[in-house]
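Heads up, the thing below is written out as structure tokens.
The values are calculated or read from the model by the stated rules, or taken from the named source; none is laboratory data. Bear in mind that the values here come from a model prediction, so they are computed numbers and not experimental data. All Cβ positions, glycine included, derive from the backbone under ideal geometry; neighbour counts span all protein chains shown.
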Amino acid sequence: MAILVVTVGVVTVTGSSYGVRAEPAASCTALSGTAWATAVWSCGHVPTLADAVTIPTGVTLTVAGAAEAGALTLTTSGTRLSLASNATLSIAGTLIVSPGVPYASLVIGSGWLRFVGESRELFNANWEAATVGWHMEFALDEGAVGTASRAIKAGELRFTSGTVATTSDIRPDDGLDNTGIVTIAAGAVLSTTGNIERTGTAGAQSSAITVDGTLATSGSRISANTIAVGDGGTLRVKRAGGLTIAGALSYDPGATLAYAGSSTQTTNGELTANVGGLAVENSAGVALSKPVTVTGELALT
């Protein structure tokens with residue numbers, strides 16, 4: 001069967017499934033200005049989700065309201081981006097810092113960076129969890145996987161749709177002790193091999209972690225004042241020795257605690273006296289460290 005490839009402008013349509021792959025429409029560099037919406041852009045227009053955007057040294061742009069970018073390059077050092085409290089900057093590509101690692105003031109304000117679109121690397125290797133206060137949302141396409149090899153830090157982290165897979169820490173941090181929020185919505189997945197806590201210090205508690213989707217972790221620690229796995233939510237533990245929990249962990253009746261390691265696992269702080277459902281997804285088995293009451297389904301797979 002022949003494969004039809006139709007290229008129109010910046011969109012390529014390939015095959016019988018009609019998959020759509022966005023190509024960069026333009027490279028947009030901010031030449032001057034102080035506001036994203038009124039800056040002088042090299043591409044001649046305010047950037048869209050299809051455009052590769054660069055904010056160079058010497059230019060600082062404030063985002064107020066809604067704005068868009070494909071890949072976004074922030075050139076160090078200094079402040080490149082200021083997010084007003086009502087601002088949402090949607091990014092359909094990779095957030096790139098170049099050269100070197102970002103300073104704490106690279107992005108300031110209290111608005112939102114919102115990652116949308118298809119599977120890709122979310123941050124380049126220079127990204128660093130330095131800035132606090134502003135917020136991030138990950139609203140990827142259904143089935144899309146966004147990857148990160150660096151710690152992800154913000155005052156609030158929302159995982160709304162798709163999967164985010166990171167090989168480093170998740171650090172909810174609004175700048176003070178016991179601040180920072182993580183929310184994983186129904187249908188969304190956060191998979192991490194690192195820890196979830198406010199800073200890199202063991203046991204540094206954030207404010208709240210709410211899991212209505214899936215949190216899959218092979219890290220060793222989760223630290224927050226409250227850690228709530230809601231109805232339909234799943235905490236999937238992959239580490240052989242389980243999790244060290246700092247804070248109050250609770251499971252709703254419709255929540256599930258799952259063990260999915262590749263070798264024999266021993267339960268730890270993630271196993272409370274009462275859980276909703278309990279799933280053993282590990283053929284090597286799980287050794288319970290304490291008695292537990294399962295109010296929902298017990299699944300052995």
Q) Does ALA39 meet the test of being among the small types (Gly, Ala, Ser), at pLDDT 95 or above, farther than 25 Å from ASP141 by Cβ and surrounded by fewer than 18 Cβ atoms within 10 Å (Cβ to Cβ)? A) no
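In region 204-301, which strands (runs of 3 or more DSSP E) lie fully inside it and hold 3 or more residues that are among the hydrophobic types (A, V, I, L, M, F, W, C) and either within 25 Å of ALA151 (Cα to Cα) or touching an Asp or Glu at 6+ places or on another chain (Cβ under 9 Å) (or both)?
The qualifying strands (runs of 3 or more DSSP E) are 206-211, 221-229, 244-251.
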**Q.** Yes/no for GLY247 being surrounded by 18 or more Cβ atoms within 10 Å (Cβ to Cβ), more than 24 Å from SER206 (Cα to Cα) and under 29 Å from the mean Cα position of the chain (by Cα)
**A.** no
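Among the candidates THR179, THR217, THR167, single out the residue that is of a type in the set (Ser, Thr, Tyr), at pLDDT 95 or above and surrounded by 22 or more Cβ atoms within 10 Å (Cβ to Cβ).
After applying the criteria, what remains is THR217.
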